[in-house]
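Engineer: The structure that follows is given in the form of structure tokens.
The values are calculated or read from the model by the stated rules, or taken from the named source; none is laboratory data. Being a predicted model, the structure only gives us computed values, none of them experimental. Using ideal geometry, Cβ is built from the backbone for each residue, glycine included, and neighbour counts are taken over all protein chains shown. All accessible areas refer to the heavy atoms of the entire protein, side chains included, with ligands and DNA or RNA removed. Shrake-Rupley method; radii C 1.70, N 1.55, O 1.52, S 1.80 Å.
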Amino acid sequence: MSKPKILVARAIFPEVISRLEQHFEVEANQSDAIWSKAELAEKLKDKDGAFTTGGDRIDAEVLAACPRLKICANMAVGYNNFDIDAMTAAGVLATNAPDVLTETTADFGFALLMATARRVTESEHFLRAGKWGKWSYDMFAGSDIHGSTLGILGMGRIGQGIAKRGAHGFGMKVIYHNRSRLDVTLEAECKASYVSKEDLLRTADHVVLVLPYSPASHHTIGAAELAMMKPTATLVNIARGGIVDDAALAQALRDKTIAAAGLDVFEGEPKVDPDLLTVPNVVMTPHIASATVPTRLAMANLAADNLISFFKDKKPLTPLNPAVLGG
Ligand code: 8YV
């Protein structure tokens, strides 16, 4: 029997390609070309499955061109690149890569929070530019992490990881807002109290965004929300571009409406709002929160496992629309 044909849409670890080749006829984009949606659809039209990453859009238009496609396995926990309704309507299974990146991403959220509050990159640029001539009492004075109030918007697995780091490691008071409240055991483990979004924005010293992107969460933080925050507050976005109105944020940072921001994700990335690039009080990284070698390998292997299990016995590990698997 011939092997199912799959497309690996972006370059990934060669050892994961080798694993996939044991089960599939693989077309792999190991040169890491960035394809347009039409090019992706063209490559997918004779494929039974796809290994995708967060930048590969799968929607009704792509699906209409790919009648053989049965599964798209995303190497990401976030899946806003998938139109899940369109995939379900076309009978195409979607899977994501949760859990394996939780702790690594929570570590990075904390790294970005600390770099932002303690002005790490801003002061490094100053030093590298040869501007360090003397000590002064307020040179790059930032805000404290320990003992401060940490506000987490979006309290899924990564949000909980950040809460635990803050509460147990740094003695922070943790408040959170989420679509649904955690059960009491989880709240106790995270030492976190549920508050309204408005209370969180008004009282937190540091606000960390970890909520999934959807049309409903578009611009969750805009000019009005930034105006509610303390002028000494920091804002960290490790969730998705589009959750923050980047233009409004650049203005708020310039006007010192808030003290500083740490951003790993951007609206329209990899493009970055030119205004943000010229504001000093922002720490910016190129969407690397899950980027450690073991974690990226685990994410790639989980996506591969989803493809392998699906074609073996229709039992993918982390399905997003299991209805397409039938009873
Ligand atoms: C990925 C991410 O690096 O998992 C996610 O949702 O945002 C990142 O960990 C990115 O989406 C590539 O697939």
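Engineer: Residue check, V120 against (1) assigned by TED's automatic domain parsing to the domain that holds A260; (2) open to solvent by less than 60 Å² (accessible area, probe 1.4 Å), all met but one. Which one?
Structural biologist: (2)
Engineer: Taking P316 as meeting all but one of (1) under 24 Å from A9 (Cα atoms); (2) in the same structural domain as A117 (by TED's automatic domain parsing), write down the number of the exception.
Structural biologist: In the conditions (1) under 24 Å from A9 (Cα atoms); (2) in the same structural domain as A117 (by TED's automatic domain parsing), P316 misses (2) alone.
Engineer: Let me ask something else. Being within 16 Å of the ligand (Cβ to nearest atom) and closer than 16 Å to A90 by Cβ is the filter here, so list the residues in the stretch 30-55 that pass it.
Structural biologist: L40, A50, T52
Engineer: What are the pairs, 6+ residues apart or on separate chains, where a residue within the stretch 30-47 that is at positive phi has its Cβ under 9 Å from a residue that is crowded, with 16+ Cβ neighbours inside 10 Å and part of a loop (DSSP other than H, G, I, E, B)?
Structural biologist: D32/R10
Engineer: Further, regarding this structure: Here are some conditions: (1) among the aliphatic types (A, V, I, L, M); (2) buried (at least 24 other Cβ atoms within 10 Å of the Cβ); (3) in a helix (DSSP H, G or I); (4) touching a helix residue (DSSP H, G or I) at 6+ places or on another chain (Cβ under 8 Å). L112 meets all but one. Which one does it not meet?
Structural biologist: Checking L112 against (1) among the aliphatic types (A, V, I, L, M); (2) buried (at least 24 other Cβ atoms within 10 Å of the Cβ); (3) in a helix (DSSP H, G or I); (4) touching a helix residue (DSSP H, G or I) at 6+ places or on another chain (Cβ under 8 Å), the one that fails is (4).
Engineer: Check A76, A94 and return the single one that is touching a helix residue (DSSP H, G or I) at 6+ places or on another chain (Cβ under 8 Å), within 16 Å of the ligand (Cβ to nearest atom) and either open to solvent by 80 Å² or more (accessible area, probe 1.4 Å) or in a strand (DSSP E or B) (or both).
Structural biologist: So the residue among A76, A94 that is touching a helix residue (DSSP H, G or I) at 6+ places or on another chain (Cβ under 8 Å), within 16 Å of the ligand (Cβ to nearest atom) and either open to solvent by 80 Å² or more (accessible area, probe 1.4 Å) or in a strand (DSSP E or B) (or both) is A94.
Engineer: To continue, here is another question. Within the stretch 145-172, track down each residue that is part of a loop (DSSP other than H, G, I, E, B) and touching a residue at least 60 places away in the same chain (Cβ under 8 Å).
Structural biologist: In the first step, residues of the stretch 145-172 are kept if they are part of a loop (DSSP other than H, G, I, E, B); the result is 145-148, 154-156, 171-172.
Of everything in the stretch 145-172, those that are part of a loop (DSSP other than H, G, I, E, B) and touching a residue at least 60 places away in the same chain (Cβ under 8 Å) turn out to be I145, G154.
Engineer: Suppose we keep only residues that are touching a strand residue (DSSP E or B) at 6+ places or on another chain (Cβ under 8 Å) and within 13 Å of the ligand (Cβ to nearest atom) within the stretch 79-91. Which one would you say is nearest to G55 (Cα to Cα)?
Structural biologist: Filtering the stretch 79-91 for residues that are touching a strand residue (DSSP E or B) at 6+ places or on another chain (Cβ under 8 Å) and within 13 Å of the ligand (Cβ to nearest atom), the one nearest to G55 (Cα to Cα) comes out as N81.
Engineer: List, please: which pairs have Cβ atoms under 6 Å, are six or more places apart or on different chains, and start with a residue in the stretch 293-309 that is modelled with pLDDT of 95 or more and end with one that is among the aromatic types (F, W, Y)?
Structural biologist: From residues that are modelled with pLDDT of 95 or more, the pairs are L297/F13; A300/F13; A303/F51.
Engineer: Only residues that are open to solvent by less than 60 Å² (accessible area, probe 1.4 Å) and either touching a residue at least 60 places away in the same chain (Cβ under 8 Å) or more than 12 Å from V207 (Cβ to Cβ) (or both): list them for the stretch 175-190, please.
Structural biologist: Selection gives N178, L182, L186, E187, C190.
Engineer: Can you work out which of the residues in the stretch 308-323 that are more than 23 Å from the chain's Cα centre (by Cα) and among the hydrophobic types (A, V, I, L, M, F, W, C) is surrounded by the most Cβ atoms within 10 Å (Cβ to Cβ)?
Structural biologist: F310
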